[in-house]
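Asker: One structure, pasted below without further comment.
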Amino acid sequence: MPSTAKSPLPDMINAVEITAPGGPDALTLCTRPMPQPGPNQVLIKVAAAGVNRPDVLQRMGLYPPQPGITDIPGLEVAGEIVALGKEAPLQLGSKVCALLPGGGYADYAIADTQTCLPIPDGLSMVEAASLPETFFTVWTNVFEDAALQPEETLLVHGGTSGIGMTALSLALAKGAKVIATAGTDEKCDTLNKAGATAFNYKTQDWAAAIQKAGGVDVVLDMVGGDYMAKNLTCLKPLGRHVSIAFLRGFNAEVNILEIMQKRLRITGSTLRARSVDQKGEIAMALFSEVWPLLAAGKITPVIDRTFPLKAAADAHRLMEESTHIGKIILEV
């Protein structure tokens, strides 16, 4: 048992495991031994867990956890700290949301103390569970790596996804302008009402329209493939392109001369593989720069739907249909 714990704690927990790489039905409810926090870790009694695209990739066998990390999916949770590992500087009973390397689809989950953040004032557990994965990702890629500034313009694809809605709300709150793409007129209406200029990528030539309007300063791209070249044509001189996924493929053909002439910067990253210390630095920046905006109601998490833990397969089906707007959450 951990060095400090609320007792009694059960010996076994409910969790969702991947029986074999495959479709949503590969997710099944199981029982597992209670996880034990190590030094500078905490045990969280999970109230809600976020569902993210990397979870889907893990289920399909395309994004395995790092060595030593649980095979239970789930990269973000909100809940109550019920046990402390040795030297963990947090308090029992604290309500937190946390970024995890895995294990969130369960009654209890382990988190490193550096990736735990207090739940912002006024937010529910469900809303708090929607924060870590998307806010860590958007902050480090858009505001640290791409250095988006007030009055600059951000182009984000997949505008109504969890990442897209987070990028939109955070960019607007920081004084930037946002252009977004989505695949239905309904989604475009949602984006326009939220403050973006939206284009239906199925019916509109978004790249031509953006170029005609003067271009953008930063692109946050989750699409990859043939979108890469179009994105570069949309960038203004000194523009920055950040890749975080590749739904249309990880190979792209680009015009090197265009990169040189406009002095563009191209970068990208993954979050899961970063060290705990690196994630902790992002958490500190979020606490300083973003958590006050959440507490003040200047940014509001967008939740599409919640599912019980046992219905994780249904949550994955919804994500793969791409009809959702905002985050999908499992309630535990």
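Asker: Looking at (1) part of a helix (DSSP H, G or I); (2) small (G, A, S); (3) surrounded by 15 or more Cβ atoms within 10 Å (Cβ to Cβ), which one does A180 not meet, given that it meets all the others?
Answerer: For A180, the failing item is (1).
Asker: For the structure I just gave you, tell me whether L264 is touching a helix residue (DSSP H, G or I) at 6+ places or on another chain (Cβ under 7 Å) and either assigned by TED's automatic domain parsing to the domain that holds Y63 or of a type in the set (A, V, I, L, M) (or both).
Answerer: In short, yes.
Asker: Yes or no: P237 outside any helix (DSSP H, G or I) and either in contact (Cβ under 8 Å) with a residue 60 or more places away in the chain or closer than 18 Å to G158 by Cα (or both)? Can you show your working first?
Answerer: Working: outside any helix (DSSP H, G or I): yes; either in contact (Cβ under 8 Å) with a residue 60 or more places away in the chain or closer than 18 Å to G158 by Cα (or both): no.
For P237, the condition - outside any helix (DSSP H, G or I) and either in contact (Cβ under 8 Å) with a residue 60 or more places away in the chain or closer than 18 Å to G158 by Cα (or both) - is not met.
Asker: Now, a different point. Given the structure, is I163 under 18 Å from the mean Cα position of the chain (by Cα) and outside any loop (DSSP other than H, G, I, E, B)?
Answerer: In short, yes.
Asker: Looking only at the stretch 299-332, filter to residues that are over 16 Å from the mean Cα position of the chain (by Cα) and acidic (D, E); which one of those is farthest from G79 (Cα to Cα)?
Answerer: Within the stretch 299-332, the match that is farthest from G79 (Cα to Cα) is E321.
Asker: Residues being within 17 Å of the chain's Cα centre (by Cα) and of a type in the set (V, I, T): count how many of those fall in the stretch 63-105.
Answerer: 2
Asker: K187 - would you say it is of a type in the set (K, R) and part of a helix (DSSP H, G or I)?
Answerer: It is true that K187 is of a type in the set (K, R) and part of a helix (DSSP H, G or I).
Asker: Is it fair to say E87 is surrounded by 21 or more Cβ atoms within 10 Å (Cβ to Cβ) and in the same structural domain as V290 (by TED's automatic domain parsing)?
Answerer: no
Asker: Next up: Could you please let me know if A111 is closer than 27 Å to S169 by Cα, among the small types (G, A, S) and not assigned by TED's automatic domain parsing to the domain that holds K279?
Answerer: In short, no.
Asker: For the stretch 269-321, which residues satisfy the criterion of being touching a Pro at 6+ places or on another chain (Cβ under 9 Å) and among the polar types (S, T, N, Q)?
Answerer: Correct list: T270 only.
Asker: Among (1) touching a helix residue (DSSP H, G or I) at 6+ places or on another chain (Cβ under 9 Å); (2) surrounded by 24 or more Cβ atoms within 10 Å (Cβ to Cβ), where does G103 come up short?
Answerer: It is condition (1) that G103 fails.
Asker: Let me confirm something: among I72, I81, which residue is touching a strand residue (DSSP E or B) at 6+ places or on another chain (Cβ under 7 Å), assigned by TED's automatic domain parsing to the domain that holds K279 and under 17 Å from P33 (Cβ atoms)?
Answerer: After applying the criteria, what remains is I72.
Asker: A follow-up question, please. So for the stretch 211-223 (the condition being in contact with a Lys or Arg (Cβ under 9 Å, 6 or more places away or on another chain) and exposed (fewer than 13 other Cβ atoms within 10 Å of the Cβ)), does at least one residue qualify?
Answerer: The answer is yes; a qualifying residue exists.
Asker: Take residues that are under 15 Å from A313 (Cβ atoms) and tell me which of the strands (runs of 3 or more DSSP E) falling wholly in the stretch 1-113 contain 3 or more.
Answerer: Details: elements: 12-18, 27-33, 41-51, 76-84, 95-99, 108-112.
Strands (runs of 3 or more DSSP E) meeting the threshold: 12-18, 27-33.
The values are calculated or read from the model by the stated rules, or taken from the named source; none is laboratory data. As the structure is a prediction and not an experimental result, all values here were calculated from the model. All Cβ positions, even for glycine, are placed from backbone atoms using ideal geometry, and neighbour counts span all protein chains on display.
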